[in-house]
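A.B. asks: One structure, pasted below without further comment.
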Amino acid sequence: MSNPTIDHQQGSVEQLYQRISDVLADARGRAYRAVNVAMVQAYWEIGRIIVEEEQQGATRAEYGTYLLDELSQRLTAGFGKGFDRSNISKMRAFYRAFPIVDALRLQLTWTHYRLLLKVERPEVRQFYLDECIAANWSTRQLDRQICSFFYERLLASRDRDPVREEIRSLEPGPTPQDIIKDPFVLEFLGMQNVPKYLEKELEQGLIDRLHDFLLELGRGFAFVRRQQRISADGDHFFIDLVFYNFILKCFVLIDLKTGKLTHQDIGQIDFYVRWYEDNVRAEGDNPTIGIILCSKKNETIAKYSVLKESQQLFASRYMLYLPTEEELRAELDREKQAIEMEKRLAGGADAE
């Protein structure tokens, strides 16, 4: 039998503990942010000093090597770890990449900036920086997005039709075509060496690594449920995965297929989307989106099906390994050729 007095005292202590814990957690967070800002600014300043020294008529390669080696030894002796030659070289590169101190985003840590320095093209580096800020990526998330060529895959998946681009410029705002990727890279599942696997195994892997899958899906996705049962005239069907995207403000249904895209798959996801529109979609929601996530797309079936003109249905490939630069380049070339072919066909139709 519990003692009311002791229970009350324990409750008071628990409340007091929670309040003190909140104060300490907030203080530690502010202290960490302050230290991070100071470190980023200090490393930028170190880079500036080194670059200015090199620019004062002493830019010879042998002097640069001597300078970095000597600074590394002395700074390590004076301030401890973190000043090896590689890190000092990155501080110099940091200043060169961001020569204006006001351009620094102090929400990012030094590790974030070290990862960004891997990206050679300034416009691509700026893209990752902006996305990192907007989506609040951790350093691990940023590293994975860079290594999985997120920028290049996003370019390959966007519709580059000039007319639609003009419409978007007049009426800015995200569209499903802007957000839904093709392909998705699911290397985090560790299934690239598995010769045969079932759809339920693929689904279970995505659920087990849901955090990584949400990262790969992109911004604004929240998990709703798996294997949602829907019924029609006594028949039961199951939607593999259901998400909600808070940017597009709509439900996103994903149907997993381990094989090649078929017209039956398209009909099935179309049925799921229509059912969701009638039975789940609430006032204020935008139209439901359906994605068939398959290991291989059948471009002919995709072209001569409802996928062709639909703004709600998509077929995206998934890859179980990180693509090489050559594979991505080939993907971009295929995309360009497809767009050019559509333009020529459209031009011929207009001429007739």
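A.B. asks: Specify the residue that is nearest to ASP255 (Cα to Cα); the eligible residues are those in segment 187-201 that are in contact (Cβ under 8 Å) with a residue 60 or more places away in the chain and touching a strand residue (DSSP E or B) at 6+ places or on another chain (Cβ under 9 Å).
C.D. replies: LEU198
A.B. asks: What helices (runs of 4 or more DSSP H) completely inside segment 163-233 contain at least 2 residues that are modelled with pLDDT under 75?
C.D. replies: Filter on segment 163-233 gives 176-179.
A.B. asks: With (1) buried (at least 19 other Cβ atoms within 10 Å of the Cβ); (2) closer than 24 Å to GLY220 by Cα as the list, and GLU123 as the residue in question, which single condition is left unmet?
C.D. replies: Just one mismatch for GLU123, condition (1).
A.B. asks: Which of the numbered conditions does ARG274 fail, given that it passes all the others? Conditions: (1) within 16 Å of ARG225 (Cβ to Cβ); (2) surrounded by fewer than 14 Cβ atoms within 10 Å (Cβ to Cβ).
C.D. replies: (1)
Residue-by-condition table, conditions (1) closer than 28 Å to CYS147 by Cα; (2) of a type in the set (S, T, N, Q); (3) outside any helix (DSSP H, G or I):
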position	(1), (2), (3)
ASP69	no, no, no
ALA77	no, no, no
ASN87	yes, yes, no
ARG92	yes, no, no
GLN107	yes, yes, yes
HIS112	yes, no, no
LYS118	yes, no, yes
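A.B. asks: Right, another one. Go through LEU155, LEU142 for me and flag whichever is over 18 Å from MET91 (Cα atoms) and more than 12 Å from the chain's Cα centre (by Cα).
C.D. replies: Only one candidate passes the filter, namely LEU155.
A.B. asks: Just need a number here: residues in segment 236-280 that are of a type outside the set (D, E, K, R) and not in a strand (DSSP E or B).
C.D. replies: 18
A.B. asks: Which of the residues belonging to segment 70-94 are among the polar types (S, T, N, Q) and closer than 16 Å to VAL51 by Cβ?
C.D. replies: Of everything in segment 70-94, those that are among the polar types (S, T, N, Q) and closer than 16 Å to VAL51 by Cβ turn out to be ASN87, SER89.
A.B. asks: Looking only at residues in segment 289-311 that are surrounded by fewer than 20 Cβ atoms within 10 Å (Cβ to Cβ) and in contact with a strand residue (DSSP E or B) (Cβ under 7 Å, 6 or more places away or on another chain), which one is nearest to ASP235 (Cα to Cα)?
C.D. replies: VAL306
A.B. asks: Between LEU115, LEU108, which is farther than 27 Å from GLU326 by Cβ, crowded, with 19+ Cβ neighbours inside 10 Å and at pLDDT 85 or above?
C.D. replies: Every option except LEU108 fails the conditions.
A.B. asks: Next up: Can you go through ALA34, ALA42 and tell me which one is farther than 17 Å from LYS90 by Cβ and either touching a helix residue (DSSP H, G or I) at 6+ places or on another chain (Cβ under 8 Å) or modelled with pLDDT of 70 or more (or both)?
C.D. replies: After applying the criteria, what remains is ALA34.
The values are calculated or read from the model by the stated rules, or taken from the named source; none is laboratory data. Quantities reported herein were computed from a predicted structural model and do not represent experimental measurements. Backbone-built Cβ (ideal geometry, glycine too); neighbour counts: all protein chains shown.
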